[in-house]
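The structure under discussion appears below in the form of structure tokens.
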Amino acid sequence: MPRLLYGGDYNPEQWPEEVLAQDVELMRRARVNLATVGVFAWSRLEPAPGEYEFGWLDDVLDRLAGNGISVALATPTAQPPPWFGLAHPEALPVTAEGVRLSHGSRDTYCGSAPAYRAAALRIATALAGRYRGHPALAMWHVHNEYSSTCHCDLAAEAFRGWLRARYGGLDALNDAWTTAFWSQGYGDWAQIQPPRATRYLPNPAQVLDFRRFTSDELLAAYTAQRDVLRAATPGVPVTTNFVLGGWVPVDHARWAREVDLVAIDHYPGDPGAGAEQEAAFAADLARGWARHSAGGPGWLLMETAPNLIYTADRMHTKEPGRMARQSLAAIARGSQGALFFQWRAPRGGAELFHSALVPHAGPDSRVFREAVALGGQLDRIAECAAGAVRARVAVAYDEPSAWALQAPGLPSSRLDHLGEARHAHGALWRRGVVADVIGTLGGLDAYAMIVLPGHYLMSDDQAGALRSWVAAGGRLVATFLSGVADECGRVRTGGYPGALRDLLGVRVEEFHPLAPDDRVALHTDAGGGPRCPAVDGEPRRSVMGGELWSETVHLAGAEAVARYAGGVLDGRPAITRHAVGDGVAWYVSTRLDADGYARLLGAVAASAGAGPECGDLPCGVEAVRRHDGARSWLFLLNHTGAAHDVPAAGVDLLSGAAVAGTLRLTAGGAAVVQELPTAAPGFSR
Ligand code: GAL
Ligand code: ZN
């Protein structure tokens with residue numbers, strides 16, 4: 001019987017014996033079946049160089065195994081002990097400003113320092129040797145949230161080696177980086193540095209490549225540990241927890257190939273309804289990455305907060321029921337379980353008020369009672385672990401494009417590929433259309449529709465793959481700035497968006513970025529017949545609005561379906577449509593408002609035969625299916641404050657009730673309907 005994983009980060013090293021005894025008792029009560037142990041335990045495991053203290057960890061693992069609880073055993077390499085930095089000061093990280101950091105927090109190491117890499121491999125090897133064959137060991141959790149950058153001389157040396165491998169010769173590098181600009185021509189590899197503090201704007205191609213290098217350097221640190229662990233324990237999956245965010249110098253789409261199971265940490269930053277949409281995006285992104293992983297199509301929510309959402313200024317407590325509903329929402333989208341940071345709230349340390357399944361108040365608390373209830377729910381829906389989400393729509397999110405658009409000196413300081421990807425995904429989410437968020441433009445045949453939201457960097461190969469896919473019947477929606485630059489970030493000349501000009505049938509001559517408060521109105525094309533229900537209407541009637549961006553679009557094969565109204569672009573094309581072979585390529589030259597975007601993407605999805613999962617549901621009611629052969633499970637999640645009736649048939653595994661046509665979802669309620677193969681409403685695949 002497949003099972004869903006339930007539990008989270010467990011830090012027994014912070015607690016005395018009597019608490020540990022209670023922990024296991026409480027884990028059993030909550031039906032926890034996986035504890036992540038040892039993430040930041042290096043100084044307890046190796047208090048002095050080469051002196052290991054494993055006794056306490058032996059006890060913990062034995063005790064967990066004895067109670068049927070498995071362990072994701074972490075290598076503790078995200079923070080070396082104090083002795084390490086004192087013995088190897090060159091392995092402490094250096095900021096771009098040249099400041100060498102000291103221990104006292106976490107992630108304080110240089111990923112390029114041989115001393116750090118060696119120490120990390122030693123402790124990983126010691127753990128693998130000690131715990132291979134331990135009955136508790138179910139998974140290896142390498143490190144924690146790889147994301148640290150270093151600008152030191154060791155990193156500089158490694159960066160040069162990486163550049164040599166990428167470019168072969170200096171001429172190619174000088175060309176790729178456009179070093180003729182501002183007298184940066186390199187005559188010797190030794191002259192090249194990581195991006196450090198500069199007088200004025202740095203070279204964007206150098207910054208972009210340094211991020212790519214950092215991703216590969218950290219990946220090498222990960223794979224070195226992984227290979228040691230795999231060799232010691234073949235058959236035990238090895239992974240690391242991915243952290244999302246524009247600041248993270250990790251290209252997760254590439255990393256996904258190297259993990260046995262894609263695992264993500266996710267902490268939404270919106271206490272309101274936006275949190276559910278953020279979580280859906282993260283889940284769909286993890287699923288997109290998992291396409292490239294041996295452990296796919298499933299993935300794992302490795303960390304989320306049981307009871308809080310952080311915003312810039314304060315912590316927000318989750319409403320009753322929200323923890324369970326958000327957990328079910330992640331599982332609906334393919335997570336193989338619900339793991340939390342963390343099991344028990346600490347007494348001290350930098351995160352002493354971070355929430356936990358066992359809060360400071362102890363087990364006599366709402367949160368722990370909800371944790372117990374959630375454990376029961378996950379048991380009842382365990383069979384859905386066999387199912388996988390089938391999305392026919394994809395939103396492309398390319399981390400290097402996101403990095404490139406963070407450069408200063410671009411036409412707007414508010415460009416944000418991650419934000420655009422969320423915006424596109426949110427538009428589909430509101431329409432009830434399930435989409436994968438994909439990190440590479442490969443395997444396109446799985447999709448009937450693809451959205452490229454500001455996919456700034458594009459290689460010739462990627463553009464070629466898109467062209468063939470559209471010609472074979474795909475529906476493409478590209479938005480402004482997609483395909484404008486090549487992989488090195490050099491603009492493709494002759495009119496934007498160079499790589500996609502022919503496919504989209506447009507030529508963009510000039511950009512007109514908008515001020516923060518500016519809006520543009522779009523109206524239907526006066527001459528055109530009905531093209532798309534989303535933008536259909538009386539000729540010259542305003543149908544939607546745009547913000548952030550506008551541009552001078554010339555038609556070069558495409559037809560306009562919406563035009564700018566007013567301002568310098570009055571009457572010029574804003575949204576275009578180009579029939580190519582059996583497919584259609586749409587271009588959207590502004591950032592559409594949420595409602596207009598949802599209508600447009602919803603209409604294109606419908607034309608691609610990829611409609612909503614469960615008919616027209618009110619906004620805030622989520623429906624997603626997991627399929628396994630002829631079986632399917634329909635997850636219904638009501639994030640709103642009102643009850644709603646939803647079409648469904650089968651058995652609700654959460655309540656045990658039969659569902660014959662309509663299911664009443666209470667306010668904030670959830671259902672997981674085991675569907676009869678013939679009874680799935682709206683089931684078209
Ligand atoms: C995660 C991290 C955990 C903990 C948590 C708190 O990103 O992996 O160690 O810091 O955030 O929000
Ligand atoms: Zn360094």
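The values are calculated or read from the model by the stated rules, or taken from the named source; none is laboratory data. Here the structure is a predicted model, which is why all the values come from computation and not from measurement. We place every Cβ from the backbone using ideal geometry, glycine too, and count neighbours over all the protein chains shown. Only protein heavy atoms, including side chains, enter the accessible area calculation; ligands, DNA and RNA are left aside. Shrake-Rupley method; radii C 1.70, N 1.55, O 1.52, S 1.80 Å.
Among the candidates Gln406, Gln377, Gln342, the residue that is away from ligand 2 (no atom under 16 Å from the Cβ), open to solvent by 30 Å² or more (accessible area, probe 1.4 Å), farther than 30 Å from Ser632 by Cα and of a type in the set (S, T, N, Q) is uniquely Gln406.
Here is a list: Ala332, Ala283. Which entry is at pLDDT 95 or above and farther than 18 Å from Val395 by Cα? Quick ask: steps written out before the conclusion?
Details: Ala283 fails: farther than 18 Å from Val395 by Cα.
On inspection, the qualifying residue turns out to be Ala332.
Of the residues making up region 281-307, just one is out of contact with any Gly (no Cβ under 9 Å at 6 or more places or on another chain) and outside any loop (DSSP other than H, G, I, E, B), namely Ala282.
Within region 409-426, restricting attention to residues that are open to solvent by less than 10 Å² (accessible area, probe 1.4 Å) and out of contact with any strand residue (DSSP E or B) (no Cβ under 8 Å at 6 or more places or on another chain), the residue that is farthest from Phe242 (Cα to Cα) is Gly426.
Considering region 143-179, the residues that are without any contact (Cβ under 8 Å) to a residue 24 or more places away in the chain and either hydrophobic (A, V, I, L, M, F, W, C) or in contact with a strand residue (DSSP E or B) (Cβ under 6 Å, 6 or more places away or on another chain) (or both) include one that is farthest from ligand 2 (Cβ to nearest atom), namely Ala172. Considering region 91-120, the residues that are crowded, with 16+ Cβ neighbours inside 10 Å and part of a helix (DSSP H, G or I) include one that is farthest from ligand 1 (Cβ to nearest atom), namely Ala115. Only residues that are open to solvent by 10 Å² or more (accessible area, probe 1.4 Å) and either touching a helix residue (DSSP H, G or I) at 6+ places or on another chain (Cβ under 8 Å) or not in a helix (DSSP H, G or I) (or both) were counted across region 154-173, and they come to 10.
Being open to solvent by 30 Å² or more (accessible area, probe 1.4 Å), away from ligand 2 (no atom under 16 Å from the Cβ), within 16 Å of the chain's Cα centre (by Cα) and under 30 Å from Ile438 (Cβ atoms) holds for only one residue in Arg333, Arg291, Arg287, and it is Arg291. When each of Tyr564, Tyr597 is tested for being over 17 Å from Arg392 (Cα atoms), of a type outside the set (Gly, Ala, Ser) and assigned to a strand (DSSP E or B), the lone residue that passes is Tyr564. If you filter region 126-153 down to residues that are among the hydrophobic types (A, V, I, L, M, F, W, C), outside any helix (DSSP H, G or I) and closer than 30 Å to Leu64 by Cα, you find that the one that is most open to solvent (accessible area, probe 1.4 Å) is Ala138. Of all residues in region 595-614 being open to solvent by 40 Å² or more (accessible area, probe 1.4 Å) and not hydroxyl-bearing (Ser, Thr, Tyr), which is nearest to Ala446 (Cα to Cα)? Here the answer is Gly609. Residues that are open to solvent by less than 60 Å² (accessible area, probe 1.4 Å), more than 16 Å from ligand 2 (Cβ to nearest atom), in a helix (DSSP H, G or I) and modelled with pLDDT of 95 or more: does region 180-202 have at least one? Scanning region 180-202 turns up at least one residue that is open to solvent by less than 60 Å² (accessible area, probe 1.4 Å), more than 16 Å from ligand 2 (Cβ to nearest atom), in a helix (DSSP H, G or I) and modelled with pLDDT of 95 or more. Being in contact (Cβ under 8 Å) with a residue 24 or more places away in the chain and within 17 Å of Glu217 (Cα to Cα) is a property that does not hold for Val60.
For Gly111, indicate whether it is closer than 30 Å to Ala197 by Cβ and touching a residue at least 40 places away in the same chain (Cβ under 8 Å). Answer is yes for this residue. Residues in region 58-76 that are under 25 Å from Pro306 (Cα atoms) and not in a strand (DSSP E or B): how many? Qualifying residue count for the region: 10.
Residues in region 441-496 that are assigned to a loop (DSSP other than H, G, I, E, B) and among the hydrophobic types (A, V, I, L, M, F, W, C): Leu441, Ala448, Met458, Ala472, Phe480, Leu481, Val484, Cys488. Among the residues making up region 294-315, those that are at pLDDT below 95 and either crowded, with 16+ Cβ neighbours inside 10 Å or touching a helix residue (DSSP H, G or I) at 6+ places or on another chain (Cβ under 6 Å) (or both) are Gly295, Gly296, Pro297, Gly298, Asn307, Leu308, Ile309.
Collect the residues in region 34-57 that are assigned to a loop (DSSP other than H, G, I, E, B) and either away from ligand 1 (no atom under 16 Å from the Cβ) or on the phi > 0 side of the Ramachandran plot (or both), keeping them in residue-number order. Before the answer, list the steps.
Step one: list which residues in region 34-57 are assigned to a loop (DSSP other than H, G, I, E, B), which gives 38-41, 46-47, 49-50, 52-54.
Once the filter is applied, which keeps residues that are assigned to a loop (DSSP other than H, G, I, E, B) and either away from ligand 1 (no atom under 16 Å from the Cβ) or on the phi > 0 side of the Ramachandran plot (or both), region 34-57 yields Gly38, Glu46, Pro47, Pro49, Gly50, Tyr52, Glu53, Phe54.
Within the set Gly527, Gly557, the sole residue that is at pLDDT below 90, open to solvent by 30 Å² or more (accessible area, probe 1.4 Å) and assigned to a loop (DSSP other than H, G, I, E, B) turns out to be Gly527.
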